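Take a look at the structure set out below.
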Amino acid sequence: MVTSKTSVSVLFAGDSGDGMQLTGTQFANTVAVYGSDLNTFPNFPSEIRAPAGTISGVSGFQLQFGSESVYTPGAKFDVMIAMNAAALKANLKNLHHGGIIIANTDGFDAKNLNLSGYGEGNSPLEDGTLSDYTVFEVPVISLVRKALADTGLSTKNIDRCKNMFVLGILYWLYSLPIETTIETLKSKFKNKQDVADANIKAVQAGYNFGDETEMFSQHGRYEVGPAKKKPGVYRRVTGNEASAIGLTAAAKKAGLELFLGSYPITPASEILQTLSGLKKWGVKTFQAEDELAGVLTSIGASYGGALAATNTSGPGLALKSEALGLAMILEIPLVVINVQRGGPSTGLPTKPEQSDLFIAMFGRHGDAPVPVIAATSPVDCFYAAYEASKIAVEYMTPVICLTDGYLALSSEPMLVPSPEELASITPKFAKERKQDDPPYLPYKRDERNVRDWAIPGTSGLEHRIGGLEKQHETGNVSHDPLNHELMTKLRCEKVDRVADIIPDLAIDNGPEQGDLLVLGWGSTYGAIKIAVEEAIKGGCSVAHAHLRHIHPFPKNLGEILGNYKKVLMPENNSGQLIHLIRDKFQIEPIGFSKVQGLPFNEMEIEAKITDILKEL
Amino acid sequence: MTDTLSKLTAKDFTSDQTPKWCPGCGDHAVLQQLKSAMAELGLKTEEVVVVSGIGCSSRLPYYISTYGVHGIHGRALPVASGLKTARPELSVWVGTGDGDALSIGGNHYIHAVRRNLDLNVILFNNEIYGLTKGQYSPTSKVGLKTVTSPNGVIDYPMNTIALTLGSGGTFVARVMDRDGKFMRDVFKRAAEHKGTSVVEIYQNCPIYNDGAFDVFTDRERKPDTTLYLEQGQPLIFGANKDKGIKLDGFNPIVVDLNNASVSRDDLWIHDEKDMVKANMLARFYDDPDASEDFLPRPFGIFYVEDRFVYEDALDKQIEAAQAKGEGTLEELLAGNNTWTI
């Protein structure tokens, strides 16, 4: 018996050492190659090796796949793999009522029960706690040891294959092929034939276990078909990988060298890590001594003519503030990718939040606006980084690109664009001058207020620039009061004019006019998308628009806001974008904050929409 | 504007901005020698970038007709490091001070020195904060009375040379603003050294710390308080060149060459490649005013080491990665793992 499903959300949960991230990634690859749409999210403790068997040591990998578009890893899971008692205890609250639990009974012994807090003799598998769920009890360790007894591997190494056994069961349960994983294992362990063989055997044994065991065969299997996606070549990317590739693609397209000055920080480090591996594309990464040097080396590289970027998260952005003011007044291109996390201070390093909007907008002394854009999905991190680079180079300005820990670590399929589809990026370099040419004016501007990029090594363009106020056009140090006012105005207007090249805000879903507009920004896209879809299905007059350009705003934003009776603004902060909207348009939107270090789920937003519309 | 055929002079390195340093400031002399050194090195104005932080000395770039960046306080070295990494072919010079490099920029300083990019660092040490009007600096002497130490400085001063050697410096030198030709020659050696070259300059601030280095510059006292290092030569000083430095075990001692029992052959021979001796020389840090029993203060090149430079090592890694061709945009976008729908 095979039951068809449009989407399924799965959680792989176990101890940090149980290989849950690897297992989840394998499952995601298989699903992707099979053709379903998907979205993944890892959930792990900030400690590298928290005590085994305890709640704080639980590592999870969540994934939703479907035959229709999937925008989030799922608010709740349909099925949960619990490798031990702590994994079950930590995650049970997020399992759908009636959902499936595949429990490794070997992880529910007296020791694990004690460590998890259930207590010896109080196994949730036996005391009725799980009576509302479908529970498959599988003694995974015992079964793996039996299946791999003749491999000659040590018991320790055999036990390490337990996650592959579980993966095999899942492939059977969701009617998925095991070949993708077998191929991966072969190439991953190509120098360790015995390990490769054992892992492959474990996947097959798990699959067969599903096929041959009565409890599974009586329950039956599920099938989630491939999604109707645009034909083309796909890859899977996390937000951080996408950001790194976006920067590199922008450099290639602009004909520039990419330089990244950076200091490791959670959850942004993978951007530095990914780029440090892209030397084949000529990428230069510089792991600096601190956050300040991270951005300042980039400022130096930008002065030298590279597409320069830096990546960081909240505490690092705070440290970079002074340097960003320098880049702003120097008027050189610089891309800052800020992967937001829970703040203030060290806050919640591994948890997402959208609370760096204010510091991105206002976190510099003096009148120092910079363009701010925000990515909406893991794939969009690519396009946001690319667009940030384009604006930075073409407007000679630092640009802050906001992503967050949720987008950074989530993954989804990306339709691989062709180089021609990517927007052109055109640096405006000042040209070499001969002896008789008039003197070079480093702060002479074009009609957009943008100055030229004069690269050291070019004859006749020798010039000195710095953080001191500059005289209009000549760039010489000037303390003249009216000149300072003029330069301040010219710099601010230049940033405002970025609005000339950003697209109008589009209504993502719903009517052009109506009762309620849900206006989001950044990583809330998926949750709002689904919530609004559901509300529309339920007959509500509600629309969804999502802001990518926070500064400057799209030119038609005011007009759109005026087309609805009410505006709802969900944000993973205490209400930051809402301040900007109120200030700029003098309207009173309804704020909706969630500050728990967790993304919104669609149900929360849908409930809020229903509440508001009831009162209208 | 550079005529590439004829060699430039110091005048060609002079910008159209008038230096705004106080009359009598040691910075004027440094600027002049620096421009002369650049000319004598055969540099072209368009291939030189002077990067600085904040402070009196950090106004340096405005007065040199090359490319220049006047950055923010303490941060000249990371700006210069990023620039040099991106553009290894440029001649990058850093102008910084004792406050800029050693206090607010201390972290950048030690890391830039160990990383060993091919930078030339001119560290103006006047043992005071000048631009902020006379507060004590990390190199101010204990007891110095300033606006923020009315009862005398109780911060123990930093020893620039020892710090630089300890950070893994590959070219470490000290000069005085009064020693024009000597300073210029050291600048040239610094520029020719492949790696981060640090030249500490004792520079007099006539306004807030006038006479800080008189003990080394005063005509009467200089011969006894200073020791000029010359490669391969014995350490000899004194008005009559009759004092020498000798190692007594691990202890450097001053010996009287007039004494018949002392042979010149026993003297310490300066070897700028000898790290152990360089570290000992760095500790010749006595205050001649504090006691009669002092070692003279060394000037010149303490230490030189040939070591790989960061930007070349990075370029080599990139070359190796591109041995089978540079990555294309198509390859970048597709990655290693794709599927087709």
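Annotations
- Test: residue in the stretch B:41-54 that is more than 16 Å from the chain's Cα centre (by Cα), of a type in the set (Asp, Glu) and either more than 8 Å from chain A (Cβ to nearest Cβ) or not in a helix (DSSP H, G or I) (or both): no
- Some residue of the stretch B:26-35 being in contact with a Lys or Arg (Cβ under 6 Å, 6 or more places away or on another chain), over 14 Å from residue A:465 (Cβ atoms) and either in a helix (DSSP H, G or I) or β-branched (Val, Ile, Thr) (or both): yes
- Which listed residue is out of contact with any Leu (no Cβ under 7 Å at 6 or more places or on another chain), crowded, with 23+ Cβ neighbours inside 10 Å, outside any loop (DSSP other than H, G, I, E, B) and of a type in the set (Lys, Arg), from A:614, A:529, A:584: A:529
- Neighbours by Cβ (under 8 Å, 6+ apart or cross-chain): first from the stretch A:285-311, within 7 Å of chain B (Cβ to nearest Cβ); second part of a strand (DSSP E or B) and among the charged types (D, E, K, R): A:301/A:284; A:306/A:284
- Residue A:368 within 23 Å of residue A:502 (Cα to Cα) and assigned to a helix (DSSP H, G or I): no
- When the stretch A:525-574 is filtered for residues that are of a type in the set (D, E, K, R) and either within 13 Å of residue A:600 (Cβ to Cβ) or under 25 Å from the mean Cα position of the chain (by Cα) (or both), the ones remaining, listed by number, are A:529, A:533, A:534, A:548, A:571.
- Flag if residue B:210 is assigned to a loop (DSSP other than H, G, I, E, B) and acidic (Asp, Glu): yes
Conditions tested, residue by residue: (1) of a type in the set (Lys, Arg); (2) surrounded by 17 or more Cβ atoms within 10 Å (Cβ to Cβ); (3) more than 14 Å from every other protein chain (Cβ to nearest Cβ).
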position	(1), (2), (3)
B:251	no, no, yes
B:255	no, yes, yes
B:262	no, no, yes
B:272	no, yes, yes
B:276	no, no, yes
B:310	no, yes, no
B:326	no, no, no
B:337	no, no, no
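- Residue check for residue A:382: crowded, with 24+ Cβ neighbours inside 10 Å, in contact (Cβ under 8 Å) with a residue 12 or more places away in the chain and within 30 Å of residue A:449 (Cβ to Cβ): yes
- Exactly one residue out of A:423, A:408, A:499 is in contact with a helix residue (DSSP H, G or I) (Cβ under 9 Å, 6 or more places away or on another chain), surrounded by fewer than 18 Cβ atoms within 10 Å (Cβ to Cβ), within 30 Å of residue A:378 (Cα to Cα) and not polar (S, T, N, Q): that is A:423.
- Of all residues in the stretch A:317-326, those satisfying the criterion of being crowded, with 24+ Cβ neighbours inside 10 Å and either within 26 Å of the chain's Cα centre (by Cα) or over 25 Å from residue A:444 (Cβ atoms) (or both) are A:317, A:320, A:323.
- Failed item in (1) touching a strand residue (DSSP E or B) at 6+ places or on another chain (Cβ under 8 Å); (2) outside any helix (DSSP H, G or I); (3) over 15 Å from residue A:328 (Cβ atoms), with residue A:350 passing the rest: (1)
- Matching residues, the stretch A:36-62, being in contact with a Gly (Cβ under 6 Å, 6 or more places away or on another chain), within 14 Å of residue A:21 (Cβ to Cβ) and modelled with pLDDT of 85 or more: A:61
- Scanning the stretch A:595-607 for residues that are of a type outside the set (S, T, N, Q) and surrounded by fewer than 19 Cβ atoms within 10 Å (Cβ to Cβ) returns A:595, A:597, A:598, A:603, A:604, A:607.
- No other residue among B:75, B:87 is surrounded by fewer than 24 Cβ atoms within 10 Å (Cβ to Cβ), among the basic types (Lys, Arg) and within 13 Å of chain A (Cβ to nearest Cβ) apart from B:87.
- If you go through the stretch A:242-262 and keep only what is within 18 Å of residue A:417 (Cα to Cα) and either surrounded by 23 or more Cβ atoms within 10 Å (Cβ to Cβ) or at pLDDT below 95 (or both), you end up with A:242, A:243, A:244, A:245, A:246, A:247, A:248, A:249, A:250, A:251, A:252.
- So residue B:36, is it crowded, with 24+ Cβ neighbours inside 10 Å, within 30 Å of residue B:213 (Cβ to Cβ), more than 13 Å from every other protein chain (Cβ to nearest Cβ) and touching a residue at least 12 places away in the same chain (Cβ under 8 Å): no
- Residue that is in a helix (DSSP H, G or I), among the hydrophobic types (A, V, I, L, M, F, W, C) and in contact (Cβ under 8 Å) with a residue 60 or more places away in the chain, where the choices are B:83, B:77, B:102, B:117: B:102
- Selection of the stretch A:110-142 for residues being of a type in the set (A, V, I, L, M) and closer than 25 Å to residue A:62 by Cβ yields A:113, A:115, A:125, A:130, A:135, A:138, A:140, A:141.
- Any chance residue B:119 is within 14 Å of chain A (Cβ to nearest Cβ) and touching a His at 6+ places or on another chain (Cβ under 9 Å): no
- Filtered by the rule that a residue be of a type outside the set (S, T, N, Q) and either part of a strand (DSSP E or B) or touching a His at 6+ places or on another chain (Cβ under 6 Å) (or both), the stretch A:225-268 gives A:233, A:234, A:235, A:236, A:237, A:258, A:259, A:260, A:261.
- Any hit, the stretch A:202-215, residues being within 28 Å of the chain's Cα centre (by Cα) and closer than 18 Å to residue A:18 by Cα: no
- Per the conditions (1) surrounded by fewer than 24 Cβ atoms within 10 Å (Cβ to Cβ); (2) closer than 19 Å to residue A:67 by Cα, the sole criterion not satisfied by residue A:10 is (1).
- Residue count for the stretch A:101-128, restricted to those that are more than 13 Å from residue A:166 (Cβ to Cβ) and not in a loop (DSSP other than H, G, I, E, B): 8
- Residue within the stretch A:184-191 that is in contact (Cβ under 8 Å) with a residue 24 or more places away in the chain and closer than 30 Å to residue A:380 by Cα present: yes
- Meets criteria (more than 14 Å from chain A (Cβ to nearest Cβ), surrounded by fewer than 19 Cβ atoms within 10 Å (Cβ to Cβ), within 28 Å of residue B:141 (Cβ to Cβ) and of a type in the set (D, E, K, R)) for residue B:286: yes
- Qualifying residue in the stretch A:258-269 (condition: closer than 17 Å to residue A:385 by Cα and of a type in the set (Phe, Trp, Tyr)): yes
The values are calculated or read from the model by the stated rules, or taken from the named source; none is laboratory data. Values in this document were obtained by computation on a predicted structure and should not be read as measured data. Quick reminder, even Gly has a Cβ in these numbers, built from the backbone with ideal geometry, and neighbours come from all protein chains shown.
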